[in-house]
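For reference, the structure discussed in these notes is given below.
What follows draws every value from the coordinates through simple rules; no lab data is involved. These numbers come from a predicted model, not from an experiment. For neighbour counting, all protein chains shown are included, and Cβ atoms are generated from backbone atoms with ideal geometry for every residue, glycine included.
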Amino acid sequence: MASRGNKRPSITNGDDNLGVLSRVSRSVSDSQIVQRAKSTASDAAFVSQKLLRSTGKAAWIAGTTFLILVVPLIIEMDREQQFNELEMQQASLLGAPATAAPK
């Protein structure tokens with residue numbers, strides 16, 4: 001018997017030696033829709049990066065403003081409340097009638 005050659009059928013284009021999957025992939029990636037999608041994604045990433053930077057700056061400004069203006073106010077209000085409670089406690093120990101502290 002004559003021996004047969006063990007050649008497997010090839011799914012390639014004779015000229016450029018690319019497989020079917022490679023050719024389809026290349027044609028899809030070179031299409032105008034894909035290029036437009038890449039451009040849109042790039043633009044969206046740029047805008048979101050700018051937005052995150054400006055949001056971070058705004059958060060920094062709001063945080064430092066809160067620390068400078070609101071925290072001392074909260075501390076002072078707490079001191080005032082403690083002072084009123086101390087006065088009420090001392091008045092009750094001395095026998096004076098306890099008066100309700102203004103709220």
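Farthest toward the positive end of the dipole of the range 43-85, out of 84, 74, 49, is the Cα of 49, where the dipole comes from beta carbon charges about the Cα centre.
How large is the direction-averaged shadow of the alpha-carbon convex hull of the range 42-101, in nm²? It is 5.7 nm². Full extension of the chain between residue 84 and residue 61 gives 4.8 nm of extra length, using 0.36 nm per residue less the Cα-Cα distance. In this simple spin-label approximation, residue 50 and residue 71 carry label points 7 Å from Cα along the Cα→Cβ vector, and these lie 3.4 nm apart.
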